[in-house]
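The values are calculated or read from the model by the stated rules, or taken from the named source; none is laboratory data. If you're wondering where the values come from, they're calculated on a predicted model, not measured in any experiment. FYI the Cβ positions are ideal-geometry reconstructions off the backbone, even for glycines, and counts take in every protein chain you see.
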Amino acid sequence: MAFNLAYDGNSYPIEEEVSVLDTLLNQGIDIPHSCKSGVCQSCLVEVVVGEPTEASQVGLKATFKARNYALSCCLFAKEDLGIRPLNSEDAEVTASIIKVEALNHNVLRLCLKPEEEFDTIPGQYINLITPDNIVRSYSIANIPGVDGYIELHIRVIPNGRLGSWLLNEAKPWGSVKLRGPAGECFYVSDKEGGDDFPMVLAGTSTGLAPLYGIIKDALAHGHIGEIALFHGALQPEDLYLVDELYDLSQQQSNFSYTPCVLNGSEGDFYICGDVQQLVVEHIAKLKEARLYLCGAPDLVNAMKKKAFLSGVASKHIYYDAFLPSK
Ligand SMILES: Cc1cc2nc3c(=O)[nH]c(=O)nc-3n(C[C@H](O)[C@H](O)[C@H](O)COP(=O)(O)OP(=O)(O)OC[C@H]3O[C@@H](n4cnc5c(N)ncnc54)[C@H](O)[C@@H]3O)c2cc1C
Ligand code: FES
């Protein structure tokens with residue numbers, strides 16, 4: 001059965017099994033989007049005729065739900081619908097670029113200062129919106145409330161749209177828009193002053209970004225249990241922040257750092273091997289561990305399964321898969 005979809009003064013037929021996003025893209029209308037899987041939130045629209053379905057609002061913050069915002073990739077018509085782009089005044093804040101610098105051969109650190117209040121929790125992700133309306137999700141690698149800025153680690157993918165903008169156009173004191181935050185992968189304290197549950201954090205490439213934010217947050221909360229970070233890479237040059245993380249492991253007796261390289265000869269600052277194997281072996285030695293997994297979707301999904309089979313309760317597995325654009 002087909003319904004009507006109103007957008008920007010026009011009406012389009014919409015099939016029940018085709019999402020609002022795909023219906024508009026099929027008409028040649030450029031709606032910002034990325035994962036098409038209900039995760040990144042880059043495809044948000046406001047529903048002005050009809051009602052957003054429950055599935056199209058999963059993971060949205062309460063204020064967005066109240067404004068009838070919906071994820072257009074998860075919105076399927078059960079009645080006639082009308083949508084419009086978000087009112088950026090309500091949904092977005094402007095931020096100034098205060099630093100862009102290389103962390104290794106393909107990862108850039110981007111520091112942003114929001115011009116108004118923008119509450120976030122380290123480890124959550126935000127939508128970064130460029131002046132030409134490319135929208136992508138990035139995870140928070142610091143404690144913005146303490147530092148006064150938001151730090152992101154962005155892997156530059158050849159021909160990637162946002163990566164190319166960052167390399168060629170982003171300049172200090174230029175501005176971008178931010179939306180969010182979203183995500184449930186962050187440190188949760190069970191009690192005031194000094195939780196003792198063991199934490200194991202594993203990721204590849206820029207999966208380090210949210211993990212580093214979570215580690216800083218746990219230490220700031222006075223976490224006294226062990227905190228073990230495993231950072232996996234294909235080759236040694238893909239690792240980054242190695243000195244900083246080694247220094248932290250010297251300063252904090254409960255923090256350990258294991259950089260791990262799949263294709264490399266044994267080096268003096270990393271282990272050669274499969275990060276998944278190392279993590280599984282480590283978890284087996286722990287009781288009641290909480291596991292944080294971020295980065296490549298394959299790694300996150302495989303590790304979730306292995307950790308569960310190794311006895312980690314699913315409520316204690318926190319994760320964010322960095323789904324690519326489709
Ligand atoms: C919840 C969430 C959090 C994220 N956090 C981070 C983060 O902290 N740091 C970070 O660097 N990225 C993060 N990402 C990924 C990020 O949002 C972008 O997808 C990524 O930066 C690529 O954007 P782009 O515009 O440069 O490339 P695009 O223009 O989107 O991609 C160009 C082409 O490359 C393909 N592609 C994109 N990514 C990959 C990949 N990883 N492997 C293989 N092919 C790919 C695309 O499918 C497309 O064909 C996150 C994603 C999600 C969903
Ligand atoms: S949530 Fe819709 S494109 Fe990512």
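Listed by first and then second residue, the pairs with beta-carbon distance under 6 Å, at least 6 apart or on different chains, first residue in segment 303-326 and under 30 Å from Ile134 (Cα atoms) and not assigned by TED's automatic domain parsing to the domain that holds Ser34, second within 16 Å of ligand 1 (Cβ to nearest atom) and among the charged types (D, E, K, R), are Lys326/Lys36.
Restricting attention to segment 105-119, does a residue exist that is within 16 Å of ligand 2 (Cβ to nearest atom) and closer than 17 Å to Leu60 by Cβ? Show your work before the answer.
Pass one, segment 105-119, residues within 16 Å of ligand 2 (Cβ to nearest atom): none.
No, the conditions are met nowhere in segment 105-119.
Tell me, which strands (runs of 3 or more DSSP E) lie completely within segment 1-118 with 2 or more residues that are free of Cβ contacts under 8 Å to residues at least 60 places away in the same chain?
Details: elements: 2-7, 10-15, 44-49, 69-71, 81-84, 92-102, 107-114.
Per the criteria, 10-15, 44-49, 69-71, 92-102, 107-114.
Give the number of residues within segment 126-144 that are small (Gly, Ala, Ser) and either free of Cβ contacts under 8 Å to residues at least 24 places away in the same chain or within 16 Å of ligand 2 (Cβ to nearest atom) (or both).
Here is the first cut: in segment 126-144, the residues small (Gly, Ala, Ser) are 137, 139, 141.
Now restrict to residues that are either free of Cβ contacts under 8 Å to residues at least 24 places away in the same chain or within 16 Å of ligand 2 (Cβ to nearest atom) (or both): 137, 139.
Residues in segment 126-144 being small (Gly, Ala, Ser) and either free of Cβ contacts under 8 Å to residues at least 24 places away in the same chain or within 16 Å of ligand 2 (Cβ to nearest atom) (or both): 2 in total.
Of all residues in segment 109-149, how many are under 16 Å from Glu92 (Cβ atoms) and more than 11 Å from ligand 1 (Cβ to nearest atom)? So the answer is 13. When Gly59, Gly148, Gly123 are screened for being surrounded by fewer than 16 Cβ atoms within 10 Å (Cβ to Cβ) and away from ligand 2 (no atom under 16 Å from the Cβ), only Gly148 passes.
A single entry from Val18, Val58, Val47 fulfils the requirement of being of a type in the set (Val, Ile, Thr) and out of contact with any strand residue (DSSP E or B) (no Cβ under 9 Å at 6 or more places or on another chain): Val18. For the structure I just gave you, tell me whether Ser310 is more than 18 Å from Gly123 (Cα to Cα) and crowded, with 16+ Cβ neighbours inside 10 Å. For Ser310, the condition - more than 18 Å from Gly123 (Cα to Cα) and crowded, with 16+ Cβ neighbours inside 10 Å - is met.
Of the residues in segment 219-226, at least one is under 30 Å from Glu92 (Cβ atoms), more than 14 Å from the chain's Cα centre (by Cα) and not in a loop (DSSP other than H, G, I, E, B).
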